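Visitor: Here it is, the structure in full.
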Amino acid sequence: MGGHYGRPGLGFVAYPEALAQLPVPQLWSFLFFLMLLAVGLDGQFMSMEVITTALVDKYPKDLSRKRWLVTAGVCVMCFLAGILLCTQGGPYILQLLDWDISALSAFLFCTLECVTVVYIYGVKQMSKDVEMMIGKPLPIVVKIFWAFVIPAVLLVSDRRLPSS
C-alpha cells in the first residue's frame, strides 16, 4: 500500500516502540493495550446505548418492550457495516471516514445546529428560554452572530485538514 493508507499510526507503531524502551516493557505494553481495549469497548457501549435509547425513546409504544431486539438489530447493522473495514479496501475506507467525513461533519453539524436553533426553533423563542433560565435575554450581538456570522464562517471555511 502506498502513501498513508493502512498505516496504524501512533497507537500500534510509535507507542509500542517507546514502551519497549521502558523498564519492564511487557508490563507497560500489556497495560497500554488493555487501555486501548477498554477505550474501544467503552466507545462501542456508548454508541450502542445512544442509538438504542434514541430509537426506543422515539417510538416508545412499539419498542419499549422489545429493547433487547432493538439493541440486537443495531449491533447487527453495525457489524455488517464494519465488515467493509475488514476487506482489502478497508484501510482506504477507514482513511476516507477518518480524514474526510469526520472533518466535514463537524462543520456540517455546527452549521445545522445554528440554522436549526435560529431559523426553525426561532431566535426569539431561544432568547425567551435563556431568559427563563438565567434571568436575562440573549444580547443582540449573540443573536446576530448566531443567525448570520457563525453559519457564514462555517460554510465558507476550509473543511479539509492540512495534508501531510
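The values are calculated or read from the model by the stated rules, or taken from the named source; none is laboratory data. The shown structure was predicted, so the numbers you read here are calculated from the model rather than taken from an experiment. Cβ placement follows ideal geometry from the backbone for every residue including glycine, while neighbour counts extend to all protein chains displayed. Just so you know, the surface numbers come from the protein's heavy atoms only, side chains and all, with ligands and any DNA or RNA stripped out. Shrake-Rupley method; radii C 1.70, N 1.55, O 1.52, S 1.80 Å.
Visitor: Might you let me know whether segment 136-151 holds any residue that is closer than 30 Å to Gly82 by Cα and without any contact (Cβ under 8 Å) to a residue 24 or more places away in the chain?
Guide: No; the residues of segment 136-151 include none that is closer than 30 Å to Gly82 by Cα and without any contact (Cβ under 8 Å) to a residue 24 or more places away in the chain.
Visitor: Between a first residue in segment 102-116 that is without any contact (Cβ under 8 Å) to a residue 60 or more places away in the chain and a second residue that is open to solvent by 80 Å² or more (accessible area, probe 1.4 Å) and in a helix (DSSP H, G or I), which pairs have beta carbons less than 9 Å apart while being 6 or more apart in sequence or on different chains?
Guide: Correct list of pairs: Phe107/Leu155; Thr111/Leu155.
Visitor: Give me the residue from segment 71-111 that is in contact with a Ser or Thr (Cβ under 9 Å, 6 or more places away or on another chain) and aliphatic (A, V, I, L, M) and, out of that set, modelled with the highest pLDDT.
Guide: Across segment 71-111, the extreme among qualifying residues is Val74.
Visitor: For segment 107-119, check the following and say yes or no: at least one residue is open to solvent by less than 60 Å² (accessible area, probe 1.4 Å), of a type in the set (Asp, Glu) and part of a helix (DSSP H, G or I).
Guide: no
Visitor: Here's something else I'd like to know. Just checking, which of Leu104, Leu138, Leu97 is at negative phi, surrounded by 11 or more Cβ atoms within 10 Å (Cβ to Cβ), not small (Gly, Ala, Ser) and not in a helix (DSSP H, G or I)?
Guide: When all the criteria are applied, what remains is Leu138.
Visitor: Condition first: in a helix (DSSP H, G or I) and open to solvent by less than 60 Å² (accessible area, probe 1.4 Å). Now tell me which residues in segment 82-94 satisfy that.
Guide: Gly82, Gly90, Pro91, Ile93
Here is a yes/no grid of residues against (1) in contact with a Phe, Trp or Tyr (Cβ under 8 Å, 6 or more places away or on another chain); (2) of a type outside the set (Val, Ile, Thr); (3) under 23 Å from Gly11 (Cα atoms):
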| position | (1), (2), (3) |
| --- | --- |
| Phe33 | no, yes, yes |
| Leu41 | no, yes, yes |
| Met48 | no, yes, no |
| Thr53 | no, no, no |
| Lys58 | no, yes, no |
| Ala72 | no, yes, no |
| Cys75 | no, yes, no |
| Cys86 | no, yes, yes |
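Visitor: Name the pairs: first residue in segment 70-82 and under 23 Å from Ile93 (Cα atoms), second residue open to solvent by less than 60 Å² (accessible area, probe 1.4 Å), Cβ to Cβ under 8 Å, at least 6 apart or on different chains?
Guide: Note: pairs meeting the criteria are Val74/Met48; Val74/Thr52; Cys75/Met48; Cys78/Ser47; Cys78/Met48.
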